[in-house]
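Rule-based calculations on the coordinates, nothing more; no lab input. Note that the coordinates shown come from a computational prediction; the quantities given were computed from them, not determined experimentally. Cβ atoms come from the backbone with ideal geometry, glycine included; neighbour counts cover every protein chain shown.
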Amino acid sequence: MINNEWVHFEKEVSDSVKEASEDTSYDKISAYLKEKSINTFSLYYELIDFIISDYQEEMVDGNIEAIFSYTIVHKNYDRDPDTVQYIKEAKERGDKNYQTYYDEYLQPQNMNFYFKAVIKANDEITLFSKNPAIETDDWEEVEMSDFVIKKLQKNTSQKREILMSQ
């Protein structure tokens, strides 16, 4: 009877240690993505939440590889929707979707990603993505900034330069 309790205790400790190491990797990835997301998207959106789901990790060639879904909950910065160009134009044209554009403008929305993060022994994190709808084993290295439309980035950079020169 005592022996059985000891074996049970050993298993609990083993499970606890395993969970702690997974939490550590999970926490590192979570902090990394949150920082990169804030640096990339806070210029455009108010960021509300950062959610990792379907998280699975394994050790591959001495590195930790985690595959998961990542959601950033965001909304447009508070301002009168009628001052936003596409909403203003829809109103002027009498577009049937005007009210929908107006109502949805300040509502929270989700940005969804499918990632693989690789944590090397030196704690360096590299991010990869692939389209889960396409059956392929190819993961491409990415940065969060790859998910910003380049035209928008260019216009924002120009606006920033104008503001800084004033």
How long is the gain from S53 to I149 if the chain were fully straight, where each residue apart is worth 0.36 nm and the alpha carbon distance is subtracted? 32.1 nm
Per-residue ³J(HN,Hα) for the stretch 57-65, Karplus 6.51 cos²θ - 1.76 cosθ + 1.60, θ = phi - 60°, Hz, x for Gly and Pro: 9, 8, 8, 10, 6, x, 10, 8, 10
Estimated inter-spin distance, Y86 and F113, nm [label 7 Å along Cα→Cβ]: 2.1 nm
Residues in the stretch 32-69, backbone N under 17 Å from the label point at L106 (7 Å along the Cα-to-beta-carbon vector): list them, ranges by number please. 45-48
Whole-Hz couplings from phi, Karplus 6.51/-1.76/1.60, listed for the stretch 94-102; x for Gly and Pro: x, 4, 5, 8, 3, 4, 5, 4, 4
Mind giving me the nanometre distance, one decimal, between the label points for K28 and N63, set 7 Å out from Cα along Cα→Cβ? 1.2 nm
Give a quick list of chymotrypsin sites (Phe, Trp or Tyr not before Pro) in the stretch 19-125 that DSSP marks as loop, anything other than H, G, I, E or B, with at most 13 other Cβ atoms within 10 Å. Y77
